[in-house]
Amino acid sequence: MMQRRRFNLGLAAALAAPAAAFAQDWPGKPIRLIVPYPPGGFTDVTARLIAQKLGERLGQTVVVDNKSGANGTLGVDALAKSPADGYTLAVVIAAHAANTSLYAKLPYDPRKDLAAVSLIGISPLVAAVNNDAPFKTVPELVAYAKKNPGKVSFGSSGNGSAVHLTTELLKSVTGADMVHIPYRGAAAALTDLMGGQIQLFMDAAQGLIQPGRSGKVRLIGVAAEKRLPVLPEVPTFIEQGLSGFTGSTWAGLLAPAGTPQPILRRVSEEVAQIVRLDDVKAKLDAMGTIPVGSSPAEFDAFINAETAKWGKVIREAKVVLE
C-alpha cells in the first residue's frame, strides 16, 4: 500500500510538472479576449478597460475579439472550443448564467467546458420611466400597474436579458401586471422610452446616467443593496419598500476548461489588482459598476448562484426565446 501511495504521489507530481513549467513561461504571445457582444456596450467597454491594463501588467498584447450573436452563446462556444493554454479568455455577463435555462440545448457544457477566472465587477440595474408616466417612484409604479393591468409596458434589450429577467422578478414579487416589449438592444428600448411608446426600462447605469441627468427620462430606483456613487440621488428598490430586491448585470472572465490552474490564479490576481487601480476604479464608478476582482472559486460559486436565481425566474415567468 505504501509503495502504491508513493507511486501515485510521484505520478501526480510528474503530471503537474509540465503544467507548472508551462504556466511559468506564460504568456509568450498575445492573448485573445473574446467579447460575445458588439462593440460599444457594457461588456465591450469593460473588456477593453481590463484588456489594456492586463496587457501592460503581463507584458503582452491582449487583443479584443468581438464575436456576437445568440445572446452571447456564439462567443462562449468559441471559447469552449479553444485550446486550454491560457491564450484565449472571454468576458461574459449575466446572460451567461441565464442561458443555461433559456436554451434547451447549448453547443457547450457550461460546467464541463468552461473554467471561471474572475468576477470583474457588478453593475446594478437602474429603473427609468417616461417623463409623462403617471408614477414617479417605485411604489407608485407598482400601485399603478396593479390597478391598471396591462397598461404599463416595459422594454428590454432582448428576451432573457438581465433587464428582462429583473423586471420579471419585479412583477413576481409585487404582483404588478406589466407587458414585456423586447427590443434588439438597449438603444432602441431607450429611444421608445423617451418617445412614450413604453413606460419603463431597466438597464445598467452606464446607459441611463446621461439621459437621466439631461431630463430625457426619470430615474426612479436602483436594484442594489446601496445607492450608486454615480447616482446618489436615486434611491434603491429596498429603500422604497422592496426588501432584498436586487438585479444586475455583471462582467467576469472565463477560460476553457483545463487551462492550467497557475494561469487562472495569475489572471485572477491581476484582475483583482487592476480593478482597484485609481484610474480603473474611477472609470468603473462612472459606469455605475462595483469593482470586485474575485478568485476562480469565488466566481464559480457566484455563477452557480446566478444560474439558480435566474433559472427560477425563467421557469416561473415561462420565458421562452423567439
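The values are calculated or read from the model by the stated rules, or taken from the named source; none is laboratory data. Small disclaimer: the values here were computed from a predicted structure and weren't measured. Neighbour counts run over all protein chains shown; Cβ positions are idealised from the backbone, glycine included.
Quick check on Thr100: is it in a helix (DSSP H, G or I), free of Cβ contacts under 8 Å to residues at least 40 places away in the same chain, of a type in the set (Val, Ile, Thr) and surrounded by fewer than 22 Cβ atoms within 10 Å (Cβ to Cβ)?
no
When you look at Ala95, is it at pLDDT below 95, of a type in the set (A, V, I, L, M, F, W, C), in a helix (DSSP H, G or I) and under 25 Å from Leu54 (Cβ atoms), yes or no?
yes
Return a yes/no flag: does region 139-161 have any residue that is touching a Phe, Trp or Tyr at 6+ places or on another chain (Cβ under 9 Å), of a type in the set (Ser, Thr, Tyr) and within 30 Å of Ile303 (Cα to Cα).
yes
Report, by residue number, each residue of region 294-313 that is among the hydrophobic types (A, V, I, L, M, F, W, C) and touching a strand residue (DSSP E or B) at 6+ places or on another chain (Cβ under 8 Å).
Ala297, Phe299, Phe302, Ile303
Among the residues of region 125-145, is there at least one that is assigned to a loop (DSSP other than H, G, I, E, B), within 28 Å of Arg265 (Cβ to Cβ) and not hydrophobic (A, V, I, L, M, F, W, C)?
no
In the list Leu193, Leu208, Leu141, which residue meets the criterion of being farther than 28 Å from Thr43 by Cα and surrounded by 19 or more Cβ atoms within 10 Å (Cβ to Cβ)?
Leu141
Residue pairs, Cβ under 7 Å, 6 or more apart or interchain, first in region 227-239 and hydrophobic (A, V, I, L, M, F, W, C), second surrounded by fewer than 18 Cβ atoms within 10 Å (Cβ to Cβ). List them.
Val230/Asp285; Val230/Ala286; Val234/Arg227; Ile238/Glu225; Ile238/Gly244
Yes or no: region 120-128 includes at least one residue that is more than 24 Å from Gln210 (Cα to Cα), buried (at least 20 other Cβ atoms within 10 Å of the Cβ) and either touching a Phe, Trp or Tyr at 6+ places or on another chain (Cβ under 9 Å) or at pLDDT 95 or above (or both).
Within region 120-128 (the criterion being more than 24 Å from Gln210 (Cα to Cα), buried (at least 20 other Cβ atoms within 10 Å of the Cβ) and either touching a Phe, Trp or Tyr at 6+ places or on another chain (Cβ under 9 Å) or at pLDDT 95 or above (or both)), the answer is no, since none of the residues qualifies.
Here is a yes/no grid of residues against (1) out of contact with any strand residue (DSSP E or B) (no Cβ under 6 Å at 6 or more places or on another chain); (2) at pLDDT 95 or above; (3) farther than 27 Å from Lys309 by Cβ:
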position: Gln210; (1), (2), (3): yes, yes, yes
position: Ile220; (1), (2), (3): no, yes, no
position: Leu242; (1), (2), (3): yes, yes, no
position: Ser248; (1), (2), (3): no, yes, no
position: Val267; (1), (2), (3): no, yes, no
position: Ala272; (1), (2), (3): yes, yes, no
position: Asp279; (1), (2), (3): yes, yes, yes
position: Val292; (1), (2), (3): no, yes, no
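In region 211-236, how many residues are part of a helix (DSSP H, G or I) and under 18 Å from Thr249 (Cβ atoms)?
Number of matching residues: 2.
Can you go through Thr289, Thr307, Thr236 and tell me which one is closer than 23 Å to Asp44 by Cβ and either touching a helix residue (DSSP H, G or I) at 6+ places or on another chain (Cβ under 7 Å) or outside the structural domain of Glu168 (by TED's automatic domain parsing) (or both)?
Being closer than 23 Å to Asp44 by Cβ and either touching a helix residue (DSSP H, G or I) at 6+ places or on another chain (Cβ under 7 Å) or outside the structural domain of Glu168 (by TED's automatic domain parsing) (or both) holds for just one of Thr289, Thr307, Thr236, which is Thr289.
Which one is farthest from Lys29 (Cα to Cα) among residues in region 49-77 that are surrounded by fewer than 19 Cβ atoms within 10 Å (Cβ to Cβ), in contact with a strand residue (DSSP E or B) (Cβ under 9 Å, 6 or more places away or on another chain) and among the small types (Gly, Ala, Ser)?
The extreme case among them is Ser68.
Name the residues in region 198-223 that are within 16 Å of Leu284 (Cα to Cα) and either free of Cβ contacts under 8 Å to residues at least 40 places away in the same chain or of a type in the set (A, V, I, L, M) (or both), would you?
Ala204, Ala205, Leu208, Ile209, Gln210
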